[in-house]
Amino acid sequence: MRKILLTNDDGIRSEGLLRLCQAARAFGELWVVAPDGERSAASHGITLHRSIDLLPVDYPLPGVHAFSCSGTPADCVRLGCLNVVPGGPDVVLSGLNFGYNSASDTQYSGTVGAALEAAFQGVPGIALSEGCGKCHEVTDFYLPEVLERLLPRPLSGQRIWNVNFPGCPLSECGGILEDRKLSWWTFFRDHYEQIEALPGGGMRMKVVGELQTSTEEVDTDFRAILDGYVSIGVLNNLS
């Protein structure tokens, strides 16, 4: 039976991870190693100079072997591949992330970083993300089909599948588009605002993001999401 390792940068108790487990259990034996809290924007960082706690978790889905981890999403994949899953996993699923991981924003993503770590460990990786609204009709409808398409097609080398589900109603979704190129746009245009003055002339800052849209760059992941399609593309680990 296929051994599937799952993680999520939103944490072990995230709804997206649970929904991914519910869909993935039809495809193999599930092992979960996920952060004990949110680790969004952790990218591909790993823990080097402190210990990492790995604790068994009573997961709300029967038959799932689950552990919480005090480290990053990439730590979770390293531990899962090297220590937790007997003989190592056959594939790593990272998601479902609460919020898109597309365009140039993928470089910050803990979800993408975890899937890239899988490739670094020689294990096929798939990153899966969805809109951060309340409508997940498209994800829940197309997720089984996406897994059925991609699990039998492991990528070689330092490459992963990157999947984004649009947050529109199912009736407005045009289906699945593969071979989407990575857009050079950024999904969010960020800036910093001062929220408090600190002693000695210091400032306490907070990042603020605004949605940036584009009508250009056909055949990209960003364009597919904006047009209401499920986007499937390939990311390179060392490019």
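Read the figures in this text as sums done on the coordinates, not as results from a lab. Note that the coordinates shown come from a computational prediction; the quantities given were computed from them, not determined experimentally. Neighbour counts are summed over all protein chains in view; Cβ atoms, including those assigned to glycine, are modelled from backbone coordinates with ideal geometry.
The Cα atoms of region 91-186 cover 38, 29, 21 Å along the three principal axes, with the biggest extent listed first.
May I ask you to list the lysines whose Cα is less than 29 Å away from that of K206, ignoring any residue fewer than eight positions away on the same chain? Those lysines meeting the cut-off are K134. Other residues with beta-carbon under 11 Å from the beta-carbon of P60 carry, at +1 per Lys or Arg and -1 per Asp or Glu, a net charge of -1. The orientation-averaged shadow of the Cα convex hull for region 1-81, equal to a quarter of the hull surface, comes to 5.1 nm².
Cβ-to-Cβ counts within 10 Å put Y142, Y108, Y192 in ascending order as Y192, Y108, Y142, the fewest first. Working from label points 7 Å from Cα in the Cα-to-Cβ sense, the K181 to F141 distance is 2.9 nm.
For the chain, what is the mean residue ellipticity at 222 nm derived from helices alone (per DSSP H run of n ≥ 4: -39500 (n - 2.57); sum divided by total residues; nearest 500 deg cm²/dmol)?
-6000 deg cm²/dmol
Take the Cα radius of gyration of region 49-117 and divide it by 2.2 N^0.38 Å, with N its residue count; two decimals is plenty.
Dividing the Cα radius of gyration by 2.2 N^0.38 Å gives 1.20.
Write down the Kirkwood hydrodynamic radius of the chain, to one decimal in angstroms, obtained as one divided by the mean of 1/r over all alpha carbon pairs. Let's see the in-between values first.
Numbers: mean 1/r = 0.0554 Å⁻¹.
Mean inverse Cα-Cα distance, inverted, gives 18.1 Å.
The order of D179, D90, going from fewest to most other C-beta atoms within 10 Å of their C-beta, is D179, D90.
If you take all other residues with their beta carbon under 14 Å from the beta carbon of L143, and give Lys and Arg +1 and Asp and Glu -1, the sum is -3. Here's how it looks for A66: its modeled amide H is under 5 Å from those of V32, V57, Y59, which are all 5 or more places away or on a different chain. In region 44-127, Cα pairs under 8 Å separated by at least six residues give a relative contact order of 32 percent. Note on R50, R149, R223, R19: ascending count of other Cβ atoms within 10 Å places them as R50, R149, R19, R223, the fewest first. With the convex hull constructed from alpha-carbon coordinates only, region 130-233 shows a mean projected area of 9.6 nm² over all directions. This model, with +1 at the C-beta of Lys and Arg and -1 at the C-beta of Asp and Glu, gives region 97-172 a dipole about its Cα centre of some 260 debye. A straight chain from V234 to D53 at 0.36 nm per residue would run longer than the Cα-Cα distance by 61.9 nm.
Taking a Cβ cut-off of under 15 Å around E38, the surrounding Lys, Arg, Asp and Glu residues balance to a net charge of -3, with basic ones at +1 and acidic ones at -1.
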